Amino acid sequence: SGFGVSLGGVILFRALYLGGWDIVKDYFDIEHASFFTRFVAAQAVTTAVGTFCFPIDSVKRRLMVQRKIKPTVSTPSNTISNISDSVIKGAPSAKVHIPYKNGLDCATRIIREEGVKGLFAGLSVNLVRGFTGAVLLVAYDDLKKRL
């Protein structure tokens, strides 16, 4: 179902995201820098962590989506039939979608069938979405200073 992968991914992402931000703030001493400078640093952290953790997110999405899809067979004539149909019998070129067993099986099959690039499909949209994460880091630090 993807719950274990999802939970592990969230824990890893949040640890790297918040820990990375603290390390960058301390290393570059940007605590009192301008909002823009801190935002750029926060965006760099968000982009790096988002890219690093994205394959886990891809596996999680595939595992969750497969629960809603019935097993199918696709034949050379591009028809899709229920797996219980007789299309499977005697059709040497029919492709059967077999559900993923677990997260490792899913990741392995994505790499084998689509290459490593398959783990990063949709990354650009996720990075654009990360813009709000960078704003959140900087705004949270500003709010902490004011309170």
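Restricting the search to segment 98-120, which residues are open to solvent by 60 Å² or more (accessible area, probe 1.4 Å) and under 12 Å from the mean Cα position of the chain (by Cα)? The answer is F120, and nothing else.
Can we say A134 is surrounded by 13 or more Cβ atoms within 10 Å (Cβ to Cβ), within 19 Å of V40 (Cα to Cα) and touching a helix residue (DSSP H, G or I) at 6+ places or on another chain (Cβ under 6 Å)?
Details: surrounded by 13 or more Cβ atoms within 10 Å (Cβ to Cβ): yes; within 19 Å of V40 (Cα to Cα): yes; touching a helix residue (DSSP H, G or I) at 6+ places or on another chain (Cβ under 6 Å): yes.
Yes; evaluated as a whole, the condition is true for this residue.
Just one of the numbered conditions (1) open to solvent by 40 Å² or more (accessible area, probe 1.4 Å); (2) under 17 Å from V5 (Cβ atoms); (3) of a type in the set (F, W, Y) is not true of F54: (1).
Within segment 1-41, restricting attention to residues that are open to solvent by 90 Å² or more (accessible area, probe 1.4 Å) and not hydrophobic (A, V, I, L, M, F, W, C), the residue that is nearest to L143 (Cα to Cα) is H32. Note on segment 101-147: residues that are out of contact with any Ser or Thr (no Cβ under 9 Å at 6 or more places or on another chain), closer than 22 Å to G2 by Cα and not charged (D, E, K, R) amount to 8.
Residues checked against (1) over 19 Å from K144 (Cα atoms); (2) outside any helix (DSSP H, G or I); (3) in contact (Cβ under 8 Å) with a residue 24 or more places away in the chain:
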position: L7; (1), (2), (3): yes, no, no
position: A42; (1), (2), (3): no, no, yes
position: G50; (1), (2), (3): yes, no, yes
position: V59; (1), (2), (3): yes, no, yes
position: M64; (1), (2), (3): yes, no, yes
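Within the bounds of segment 4-27, is there any residue that is farther than 27 Å from T108 by Cβ, at pLDDT 90 or above and of a type in the set (K, R)? Yes: segment 4-27 contains one or more residues that are farther than 27 Å from T108 by Cβ, at pLDDT 90 or above and of a type in the set (K, R).
The values are calculated or read from the model by the stated rules, or taken from the named source; none is laboratory data. Values in this document were obtained by computation on a predicted structure and should not be read as measured data. Using ideal geometry, Cβ is built from the backbone for each residue, glycine included, and neighbour counts are taken over all protein chains shown. All accessible areas refer to the heavy atoms of the entire protein, side chains included, with ligands and DNA or RNA removed. Shrake-Rupley method; radii C 1.70, N 1.55, O 1.52, S 1.80 Å.
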